[in-house]
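The values are calculated or read from the model by the stated rules, or taken from the named source; none is laboratory data. In this text, all values refer to a predicted model and were calculated from it rather than measured experimentally. Because the Cβ atoms are built from the backbone with ideal geometry, glycine has one as well, and the counts that use them run over all protein chains shown. For accessibility, only protein heavy atoms count, side chains too; no ligands or nucleic acids. Shrake-Rupley method; radii C 1.70, N 1.55, O 1.52, S 1.80 Å.
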Amino acid sequence: LVKGRLAAAIVKIAGQADAARAEAQRQEALARMTNAVERFVRVHTAARLLRWSIERFRENQQGPMLRSASKVFLDLTLGAFCKLTVDYESEPLKLSGQRASGELVAIEGMSEGTRDQLYLALRLAALALHLQQTVALPFIADDLFINYDDDRSRSGLLALGQLSESTQVIFLSHHAHLVPVARSVFGERLNVLDLG
């Protein structure tokens, strides 16, 4: 009987020791999980803050050409696109137009006329920067507005008018319907030569 009680007591003590060990292991696992979660939260938060900071820096420190081209593109598209953005995460880098809604439209997703306006915006921005550093040569534009309606042609002519403050602009076109549009923009300052 004593042996039986002793054996039961030993089993009970052993069971309590096993339970204590299991509880200690559980507590240790919880501590490790808590540390892992805290570390994940810190790293995840830091990564998001870093990404946010990089985006803000890029927006604020955008190159002068991209800022200038964005302004011209906004005007040429009559406000359909509010700015140009570069996807720095893609390889190669990708230029997109951003609508006022925030939607990004890749160049491939733009209509032919909008792509023409984008290329003109980039050319005019590059030329404006170039003219700040060198002797001004005439800018000759040949049928720039083939894919433009009259309102966008007017906007394009206004952009050329701004360029004409820095250099001579010669605009060639075989589209007679642009003459009244140009006259509405430039008035008496416009010099039209009919070579036909």
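Classify region 56-136 as rounded, prolate or oblate, taking a ≥ b ≥ c as the square roots of the eigenvalues of its Cα gyration tensor: rounded when a/c is under 1.5, otherwise prolate if a/b is larger than b/c and oblate if not.
Note, shape of region 56-136 comes out oblate.
Please list the radius of gyration and Dmax for region 88-196, considering alpha-carbon atoms only, with Å as the unit.
16.0, 51
Please enumerate, by chain and number, the lysines with C-alpha under 16 Å from the C-alpha of K71, excluding those fewer than 8 residues away in the same chain.
Qualifying lysines at Cα under 16 Å: K83.
Tell me which lysines have Cα within less than 16 Å of K12's Cα, excluding those fewer than 8 residues away on the same chain?
Result set, ordered by chain and number: K3.
Could you pull the Rg and Dmax for the chain, using just the Cα atoms, both in Å?
34.3, 128
With charges only on Cβ, +1 for K and R and -1 for D and E, what is the dipole size of the chain about its Cα centre, in debye, rounded to 20?
In total the dipole reaches around 1840 debye.
Amide H to amide H under 5 Å from K94: which residues, 5+ apart in sequence or cross-chain, H placed 1.01 Å off N in plane?
Residues meeting the amide H criterion: D87.
Scan region 91-174 for GluC sites (Glu not before Pro) in coil per DSSP, keeping those whose Cβ has at most 14 other Cβ atoms within 10 Å, and list them by number.
E103, E165
So, with a 1.4 angstrom probe, what is the percent of accessible area on the chain that is carbon and sulfur?
Reported share for carbon and sulfur atoms: 58 percent.
So if each residue of separation counts as 0.36 nm, and I subtract the Cα-Cα distance between E108 and S90, what length gain in nm does that give?
5.0 nm
For Cα pairs less than 8 Å apart in space and 6+ apart in sequence, what is the mean separation divided by the residue count of region 63-116, i.e. the relative contact order in percent?
Value for region 63-116: 23 percent.
Tell me which trypsin sites (Lys or Arg not before Pro) from region 63-129 have a DSSP coil assignment and no more than 16 other beta carbons within 10 Å of their own.
R99
Taking the DSSP beta bridges in the chain as the whole, what percent of them are antiparallel, to the nearest 5?
Bridges in the chain are about 65 percent antiparallel.
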